[in-house]
Amino acid sequence: MESCNKMDAKVFCTKCGASIDANDRFCMECGEPVPEPFLEPAAEPALAAGPAPAAPAARRGRLWVPVVAIAAAAAAVCVLWFSGILGGGAAGVYYATEEGQWFSAMNGKDPVLVTSAPAKTGTQMALSADGKRLAYADYSFAHEGFNLYVREMGKPGKPAYPVGGVIREWSDLDISADYNTVAYISEGSLFLCDISSLKHPDPVEIDSGVQFFHGNVELTKIVYTHEGGGVYYYSEGMDRPERVSADGSFMNVEGDLSVFLVRDGGGALYIKREGAEMQLVSGGNVVETIGMLEGGVFYYVELGTSQVSYWDYVEDDLAEQDAQMQDPGDFPDIWDYSISELGQWGDDYAAHADLVRAWNAKLERDALRASLKEKTAEIEVASLYFFDGEKPTLVCEGYLYCNDIDMDRGRLICAKSPGVGEVKLPFSNEAFSENAVRLLIEQIANASALKHYYVDGAAAAPVGDTYAGEFQFFGDSGLAYIDEAEEDGLHGNLYRAAIEGGAVTGRELVASHAYVNGFEAYGADLFWFTDDKNGAGNLYHNGELVDTGVAVGSLVAEAGDGGAWYYYRDWDTASQAGTLMRYSGGQPEVVCEGVHEYIPQGDGRYVVLAAYSLGGQQGVLELVEADGEATVVADGVQRLLDPVNGSRYTGAMASGAGSDGGSDGGGEAVFGEEGLGDVL
């Protein structure tokens, strides 16, 4: 392992990011001339003054935000995570045109060109809280990775500084909460770089052969895995990283990284606390950890095997009947009797035949009973455990997955398969056979049948009868969920229940024929959709009809607007736009028509992409003040991103048309959080 020494006589090519020595005149990878004295890279242009902002648009109604539909929720999560690696501190709008990517402080001054790289290269930016520094990464197709730069925003004529190295994946890059420190992996080496001095960045190499890392929000502590095996921990001021495990990987971490978990190569789970030795949590095969509360409190899932008897899955509902049966004896041989003697046997012959058939069936069941009692099967069983900081406790066996997690309160809803003997196949079933019992065991093991439980610490309580849709915690002591699914699998009964003393009680029917994935709980407010068709339906709030023709999944609460909600009505998939509505109780109001996507600011201001052209896949970017005054910031913008809080509300996603509207060549905007003032 290498010590944490600064790189000596080594910088990186400003064009491709390859490592170069101080005495090289040209990059050995791409042939780019090495600038002197390594302070003003030729590959990155100086900040150029852009055209004056467009004149303010005519005043109109307040615009707000679109919503992400359930149909594209998985894709939305991926896009938001990818775009959120580098967040912004000070406010501003980042957007892209065919000329490159621009920044506007929205203070009446000209926008500036940050980089001439097109938006399709995947540039992400992070503006420091004081608005003086901008860190951004440009994708290099030649090297299939990102080059990281830092630019001084107060000096438009000064070029950007390359931080150095090629970053292959976004997961190899992190930036501190104060935007003063960057951590990244380049060519297998982990670097820390102070970007707060407005001087040429000087990265510090922590270690080589690093596979993956995680840092606390200040990037003063880092845990990482090494290609040579093992888990390492580094804290600011240490001479060299500490190896905490010879193999395996780290898992859940506490926010400040004072506690984290390590899973070794055999699946055993350990907890590592700062300044303490590793503590064994479980010697079994741990496959998942869930959450992390203060003091090292968490859940984990252990995978094991169990031998079950076929007989445990049989309901012997014919046992009493079979016990009372007597051997009826054999049938007489008709050839031994004369015609008159057979007549004396008479009507009893048919009844005797039925008894013989029943007796023979009983004998077959007896043989099957003996076989099933001897036959066993090995099944995989996942068990959920709760670790209270000192010792683990088994919560339930047959764990399948979590449906909802509220780790602020240390609780969750989990799905589990029925336990041994909870589901049985009766002998009276016409299809009963040894093979049918085997199939039942396999179906239960493969989660074809499941139940849901409310879990709080080591306690688990059943919820509902059948599974139809999502569960959502409802305030501090409530739960909303859909049960009793209809035949289409898309609708069911919406229930509200109370959580008291570790149990779910007082189930109350809220609505019938509610859309399975279309309800939302906000504090004491419960919203749901019914009568949905083609992605639109009726929106209800606490039993009252709010609106019709609402895009299912488009409802969003805006915390900074005094308890208002926003949604799309009459979304048009052809034009990729709809009517943005605002609802705060009472009659909903039209905010704006023809909105493609939007981002809330939380202070009554927001950015909206309107006048969207599906053919050109671009529109007009506007800043709308709290009083409804709209100012055109730029045109030719294709999409909006908000890496600060992960909120990007696109109509395209609400309609299931995809997360980026098919953009491939420009038009990207990134929005910050706090006021910039007269920085530029």
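The values are calculated or read from the model by the stated rules, or taken from the named source; none is laboratory data. It should be emphasised that the depicted structure is a prediction, and the values quoted were computed from it without experimental measurement. We place every Cβ from the backbone using ideal geometry, glycine too, and count neighbours over all the protein chains shown. The area values use the complete protein model at the heavy-atom level, side chains included, leaving out ligands, DNA and RNA. Shrake-Rupley method; radii C 1.70, N 1.55, O 1.52, S 1.80 Å.
When E593, E625, E673, E589 are checked against the criterion of being modelled with pLDDT of 60 or more, more than 28 Å from F529 (Cα to Cα) and open to solvent by 10 Å² or more (accessible area, probe 1.4 Å), a single residue qualifies: E625. Every condition in (1) open to solvent by less than 20 Å² (accessible area, probe 1.4 Å); (2) among the aliphatic types (A, V, I, L, M); (3) over 21 Å from A498 (Cβ atoms) holds for V455 except the one numbered (3).
Please work out if A551 is over 24 Å from Q617 (Cα atoms), in contact with a strand residue (DSSP E or B) (Cβ under 8 Å, 6 or more places away or on another chain) and of a type outside the set (D, E).
Numbers: over 24 Å from Q617 (Cα atoms): no; in contact with a strand residue (DSSP E or B) (Cβ under 8 Å, 6 or more places away or on another chain): yes; of a type outside the set (D, E): yes.
Judged against the criteria, A551 is not a match.
So is A449 open to solvent by less than 60 Å² (accessible area, probe 1.4 Å), out of contact with any Gly (no Cβ under 9 Å at 6 or more places or on another chain) and either modelled with pLDDT of 85 or more or closer than 30 Å to F529 by Cβ (or both) or not?
So A449 fits the description; yes.
For region 253-281, a residue qualifies if it is touching a Gly at 6+ places or on another chain (Cβ under 8 Å) and either of a type in the set (D, E) or closer than 17 Å to E242 by Cβ (or both), and the qualifying residues are E254, L257, V259, V262, D264, I271, R273.
State the number of residues belonging to region 491-512 that are under 25 Å from T548 (Cβ atoms) and either of a type in the set (S, T, Y) or surrounded by fewer than 16 Cβ atoms within 10 Å (Cβ to Cβ) (or both).
Final tally of qualifying residues: 3.
Scanning region 527-563 for residues that are without any contact (Cβ under 8 Å) to a residue 24 or more places away in the chain, farther than 19 Å from A480 by Cβ and open to solvent by less than 40 Å² (accessible area, probe 1.4 Å) yields a count of 1. The residues of region 297-320 that are more than 16 Å from G398 (Cα to Cα), out of contact with any Ser or Thr (no Cβ under 7 Å at 6 or more places or on another chain) and in a strand (DSSP E or B), listed by number, are V297, V314, E315. The condition of being under 27 Å from Y161 (Cβ atoms) and either over 25 Å from the mean Cα position of the chain (by Cα) or polar (S, T, N, Q) (or both) holds for only one of I222, I185, I195, that being I195.
Residue-wise test of (1) in a strand (DSSP E or B); (2) modelled with pLDDT under 85; (3) acidic (D, E); (4) surrounded by fewer than 22 Cβ atoms within 10 Å (Cβ to Cβ).
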{"position": "D138", "(1), (2), (3), (4)": "yes, yes, yes, no"}
{"position": "A142", "(1), (2), (3), (4)": "no, yes, no, yes"}
{"position": "R151", "(1), (2), (3), (4)": "yes, yes, no, no"}
{"position": "G165", "(1), (2), (3), (4)": "yes, yes, no, no"}
{"position": "D174", "(1), (2), (3), (4)": "yes, no, yes, yes"}
{"position": "D178", "(1), (2), (3), (4)": "no, yes, yes, yes"}
{"position": "Y184", "(1), (2), (3), (4)": "yes, no, no, no"}
{"position": "E205", "(1), (2), (3), (4)": "yes, no, yes, yes"}
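The set of residues from region 424-446 being aliphatic (A, V, I, L, M) and surrounded by fewer than 16 Cβ atoms within 10 Å (Cβ to Cβ) comprises A431, A436, L439. With respect to (1) under 13 Å from Y300 (Cα atoms); (2) among the hydroxyl-bearing types (S, T, Y); (3) in a loop (DSSP other than H, G, I, E, B), the lone exception for S428 is condition (1).
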